[in-house]
Every structure is written in structure tokens, then in C-alpha cells.
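Undergrad: Structure in C-alpha cells, see below.
What follows draws every value from the coordinates through simple rules; no lab data is involved. Predicted model only: the values in this text are computed from it and were never measured. Using ideal geometry, Cβ is built from the backbone for each residue, glycine included, and neighbour counts are taken over all protein chains shown.
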Amino acid sequence: MSPPRSQRWTYRLAAEFGHRDITDDVARFVVESGVRTGAVVVSLVGSTGIVTTIEYEQGALQDFRRALDQIAPPTVDYAHNAAYGDGNGFSHVRSALVGPSVSLPVVEGKLVVGTWQKVAVFNLDNRPREREVVAVVVGL
């Protein structure tokens, strides 16, 4: 049987800025894949959340949230809210601006991230969500 080249995880995250460091999950998957040189793409399934890298510490997380609040405030009138009445127009805009996925190198069979760089998933929706994250590793 060949090693897995794709993986799915589900994380329960709080509303509007629920987050989780998933670096260990991704790194373990890369090792299990057997890929020595290549890339891993990690993506959130949905349009109101993101996967990104960040220094996963309280100050950087607060700064990131403040930046998102300035770029796409929850209190602004969004056409999406008028059309669907769900109040989460801001979360769709935030997700589109940051992007739902990240691609990272795999070298010598390991995920390559900086000393403080972590892979994190964020729920930007206005309600708690079960967030599905999918990873695919490609390479030799």
C-alpha cells in the first residue's frame, strides 16, 4: 500500500476569529506521505475561513485580528448581507482577501517552516463552525 498523499482534518472553531495551530498535523502528514522533495498545499473547504502562516502567539494574533477588523469590519453594510440576511458578508470578504490555502515546501521529507512560523486555520464566520481542512502533498 502506498503512503497517503492527501489528508483531511476537522476542527471545531469559535465564531469570527476562532483559530488553531495545525503545524504538527501538517508536519506529521508530510512525513507519513514519504515525499522527500516537493510541496504541501493546505486548504480550508469553504468561503468564510482561511489557512495561513503566522507567528502563533497572542500579540501577532491580536494584530492580525485588528488588521482584519480594519480591512473588512463586521459592522459595515455588505451586499451579501442584504441578499442573504446571514450577517457574514465581512467573513466572505476577509477570506477572499487572505485566501483559503497555503503552499509550503517539503525538503528532505520534512515540512519547511521558519522557527516561529506556524500553519494556522481560522474561522472567520459569525458563528462557530466545524472547519474541514484538506492537505495534498506532491513531489518525489
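Undergrad: Toward the positive end of the charge dipole of the range 9-140, about the Cα centre and with charges on Cβ (Lys, Arg +1; Asp, Glu -1), which of Asn81, Gly49, Leu104 goes farthest?
TA: Checking the options against the dipole of the range 9-140, the answer is Leu104.
Undergrad: Something else now. Semi-axes of the equivalent ellipsoid for the chain, please: Cα gyration tensor eigenvalues, times 5, square-rooted, ordered largest first, whole Å.
TA: Details: eigenvalues 183, 50, 26 Å².
For the chain, the ellipsoid semi-axes come out as 30, 16, 11 Å.
Undergrad: Label the range 87-140 by shape, choosing from rounded, prolate and oblate, from the square roots a ≥ b ≥ c of the eigenvalues of the Cα gyration tensor; if a/c is under 1.5 it is rounded, and otherwise prolate applies when a/b is larger than b/c, oblate when it is not.
TA: Numbers: a/c = 2.65, a/b = 2.36, b/c = 1.12.
Here the range 87-140 falls in the prolate category.
Undergrad: Next question, about the same structure. Roughly how big is the chain's charge dipole about its Cα centre, with Cβ charges of +1 (Lys, Arg) and -1 (Asp, Glu), in debye to the nearest 20? Mind showing how you got there, number by number?
TA: Working: 14 positive and 15 negative charges, 64 e Å.
So the dipole magnitude of the chain works out to roughly 300 debye.
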